[in-house]
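Report on the following structure.
The values are calculated or read from the model by the stated rules, or taken from the named source; none is laboratory data. All figures in this text were calculated on a predicted structure; none of them were measured in a lab. Here the Cβ positions follow ideal geometry from the backbone for every residue, glycine too, while neighbour counts run over all protein chains shown. SASA here: full protein model, heavy atoms, side chains in, ligands and nucleic acids out. Shrake-Rupley method; radii C 1.70, N 1.55, O 1.52, S 1.80 Å.
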Amino acid sequence: MSEPFLSLPIADGIPEKRARFLFRVRSEKARADDEQLAATQSHGVLSQKRYMEITGNKVVAALAGTDNFNHVDQDDFVISLRTFEGGIERATEPGCISPAYTVLAPSREVEPTFFQYLLKSQVFISHLQTTVTGIRDGKSVKFENFANIVLPVPDLATQRQIADFLDRETARIDLLIEKKQRLVALLGEKRQSGIVSAVTLGLNERVDLKDTGVSWVPQIPKHWELRKIKYLGKPIIGLTYAPDDLVSEGEGTPVLRANNIQAGKLQSENLVYVSSAVSQKLRLREGDILICSRNGSRNLIGKNAMVSSEFSGMTFGAFNTVLRSKYSDFLYWVLQSPIFDHQAGSFLTSTINQLTISTLSNLVVPFAPPEEQEEICKHLRERDGIFDASAKTLSTSIDRLKEYRSALITAAVTGQIDVSTYAKSDTPDRHLDTIQEEMGA
C-alpha cells in the first residue's frame, strides 16, 4: 500500500491539490531581451539591477552569457538553492535565470499573491524540509520534492480575499517592526555618542579643554594626554592552528574567533576546540580585550570585546589580537567608540585587509588619569546596562511580532481563520495591543 501524500494542515472544507497539478516546470530557454534575474529570500526573484539598487549589494553577472539560462515570466515561481530554508520565490518581473534553478509556471487556479504567502509560510517550509532530509549546501530542491505536497486551493476569489487581508495585516505588522528596529538603531547611536563624550571629554562639563590637532579627537581636557596604544598595553597575536588540530568539545582548548564577538560582548556559541598545546601567553585572562584583526568581512575588523571570567583560560585564533593592559577597562570603552573605528579603518586598503600589530600599537587614544578612568568606566557600565535592557525589550517585542506575523499567514492560507470575519472582530488589533502591553513598548 502506498504512503499517503504529505499534506499541509488544511482546514476542513478547503479544496486541496497536489502541487504538481498547480504548477509545471517551465523549460523555455532565455529570450534575447531577457534581463538576468537574482533569486533572493528577502526580495523574491527580481532583476539583478533592481536588487543592487534596493540593497546596495553587488551581484556577479554571467560572464559567459545567458544562452543556457531559462526564461522566467512575471508571477512564475522559482525553486532556489536555499528553498529548503526560505520557501519558493515569486518572480516580480520577467527575465532569465541560471539553469541551476527550477522555474515553475502556475496554472489558472493559482492567484500569485496568495501562493506567494503560502510558499513562503513557515508551515510550508517545515513540510518541504521533511522531503529533503540530508540536503547539503549547493544542492537544489528538486521539483519532485515539491510536486507531491498537498496544498490548499480555495477558489480564486477567496485566494484574492486572503491575499488582500494578508497584504493589509502584514503591512501593519511590518510597520511596527520597522519602528522598533529604528528605536534599536537610535539606542545604538545614543550609546555611541555617550561613549565618545565620556572618553574624550570626561564627565565634568565645566572642565577646561585643549586642542589636540588630531581630527578624530579634536579636543580633550587640559589635564589629559594623547598616547599611542603601545605605551599603554601589549598586543598579542592569536594561535595558529591547522584543521587537523580541531577536536571535539571536551577534548581540547576552546578557541574564540571573530564570530564570538557580538555587539561589544563575547558569545560562547560556535566555539571550536584545538588539541595543540597552548602557551600561557595565548590563554585569555579576565580583562583582556579581544579584537578582530583579520576577516573576510571588512566590517568585522576592529570589532572587540572585553574578556570576562567566563572566557578566562580559553585561547583565540590567529585572525584576532588581544590587547593586554592594566588600563583595559578604560581602553575597552575607547575601542568601542568611533575614534577607534576611524583610525583602524583608515589603514585598511584593497591590498591590506587586516589590522596589524604595528597599526594597532601606533593608534593614538585619549588617556585620562587612572582615578578619572575608574569614574568614567563606572558611569559607562551603568549607562550600558540601561541601554541593554531597553534594547532587549525592543528585540523581544520584534521577535513576538515576527512570530505573530508568521502564525497569521499560516492560519490564513490554510483556512484556519475566516479572513472575512477575522478582521471585523478586532482580533488583529487585540493581538498587537497585547504584544505592545506585554513588552511595555
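Descriptive notes on the structure:
- Estimated distance in nm for a label pair at Arg227 and Asp399, the labels positioned 7 Å out from Cα along Cα-to-Cβ: 4.1
- Note on the chain: with charges restricted to the Cβ of Lys and Arg (+1) and Asp and Glu (-1), its dipole about the Cα centre is near 1240 debye.
- The distance separating the Cα centre of region 193-270 from that of region 150-183 comes to 44 Å.
- Farthest toward the positive end of the dipole of the chain, out of Ala305, Asn270, His43, is the Cα of Ala305, where the dipole comes from beta carbon charges about the Cα centre.
- Three-way shape call for the chain based on the alpha-carbon gyration tensor, with the a/c threshold at 1.5: prolate
- Fraction of antiparallel bridges per DSSP, the chain only, in percent to nearest 5: 90
- Computed over protein heavy atoms with a 1.4 Å probe, the carbon and sulfur contribution to the accessible area of region 1-113 reaches 50%.
- Estimated from helical segments only, the mean residue ellipticity of the chain at 222 nm is -12000 deg cm²/dmol, where each DSSP H run of four or more residues counts as -39500 (n - 2.57).
- Relative contact order of the chain: 16 percent, from C-alpha pairs under 8 Å at least 6 residues apart in sequence.
- Protection proxy ranking for 323-331, 111-119, 172-180, using the average of other Cβ atoms within 10 Å per residue and placing the highest first: 111-119, 323-331, 172-180.
- Entries of Lys228/Lys303; Lys230/Lys326; Lys58/Lys180; Lys303/Lys378; Lys222/Lys303 with Cα pairs more than 24 Å apart: Lys58/Lys180; Lys222/Lys303
- Cα-based shape type of region 1-134, given that a ≥ b ≥ c are square roots of the gyration tensor eigenvalues and the cut on a/c is 1.5: prolate
- Summed side-chain charge close to Glu144 - residues other than Glu144 whose Cβ falls under 12 Å, Lys, Arg +1, Asp, Glu -1: +3
- Shape call, region 1-41: gyration tensor on alpha carbons, a/c limit 1.5: prolate
- For region 243-338, applying the loop criterion from DSSP together with a ceiling of 13 other beta carbons within 10 Å to the GluC sites (Glu not before Pro) yields Glu249, Glu251, Glu269, Glu286.
- C-alpha long axis of helix 156-201 to longest principal axis of the chain, angle in °: 0
- Rounded to whole Hz, the Karplus (6.51, -1.76, 1.60) HN-Hα couplings of region 114-125, x for glycine and proline: 4, 6, 4, 5, 4, 7, 10, 6, 5, 5, 5, 4
- Ligands, DNA and RNA are left out, and with a 1.4 angstrom probe the accessible area of the chain is 52 Å² per residue.
- Carbon + sulfur, % of accessible area of region 248-395 - ligands and nucleic acids excluded, 1.4 Å: 49
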